[in-house]
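Have a look at the structure below, then the notes.
Just so it is clear, none of the values below were taken in a lab; they were calculated from the coordinates. All values reported here derive from a predicted model rather than from experimental measurement. Cβ sites come from the backbone with ideal geometry, for glycine too, and all protein chains shown count toward neighbours.
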Amino acid sequence: MKKTVFLFLSIILALFTQCGEQAPTLRSQATTSLVESDTVSEVVADTLPPKKEKMQGKEEPEVIRLYSQEVNRAGAPLPITSADNMNDEGWIRYLSGGFNPEEDDRFVLIGPPYADATGMYLRRETFEAFQAMYQAARKDGIQLRIISATRNFDRQKAIWEKKWKRYELSHPAPKDRALKILEYSSMPGSSRHHWGTDIDLNDLENSSFENGGRYERVYKWLSEHAHEYGFCQPYTPKGENRPNGYNEEKWHWSFTPLSRVFLQEYQNRVKIEMFRGFQGAESAAEVEIIKHYVLGINRACK
């Protein structure tokens, strides 16, 4: 009888131990599916750890580390965080730059050695990906330096209106003046720099990145490796594949795991009649600012 009871208890204990050992494997499989899935947003709610309180110092929440180390390497759109679950008005305000990044927890302050000045901000996901790219480039003898980052509506308005006045005599017709400015500068409310995903690197002259230029090696490295960290050049040379939009900008790079999401939201939510509050706003419809400029980018970045 004692042998029978002992055998029965041994079987129960073995089954209990086996179940306890299997649980971590199931959790690790769920985490792996988040990294490898083509539709990350479908599984994010089930696989991410519980949301943590905002952390002090340099340590970032676990979910952000997962984004920067795994998801963005594939270039897939990131799951929208709870902070981005905005209503229509909130989305429009964000996409058109109607906020202060200094007061937005989704943004982080950047500075040396990654930038040439202090006071610039980026989405924390963008900055983490850039830090990884910066270190990889540095190992190859390449120095990357951010010279422009997030610009909200008011900052873009100041740039636009300064040029609006500059070209007043040479381009008196509003449409012609807008087209002149739009060769390299965005209309307020339409800039990708509003989103915290786009950066200008090293110099603002294409010639600096071309053969014989100071940053020829920088551009070659970016062309070969930037995609490994989620970055893409949105403004490639205009031609058959990109007939409209801004002129080429070899210095402008976009963090596509976020910017692809924001571009889709922009296309769905922002309307041409919303462009107002700055000089020359009436030309937005004439130049087809959304169709030709917001959407007129390198197909690889869409």
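Annotations
- The simple spin-label model puts a point 7 Å past each Cα toward its Cβ; for Arg269 and Leu169 those points are separated by 4.3 nm.
- Estimated FRET transfer efficiency (Ala300, Asp140; beta-carbon r; R0 25 Å; 0.05): 0.65
- If R0 is taken as 22 Å, the Cβ-Cβ distance between Arg93 and His292 corresponds to a FRET efficiency of 0.40.
- Gyration tensor (alpha-carbon) shape descriptor, segment 198-279, a/c threshold 1.5: prolate
- Peptides 213-220, 125-132, 273-280 ranked from most to least packed give 125-132, 213-220, 273-280, packing being the mean of other C-beta atoms within 10 angstrom over each peptide's residues.
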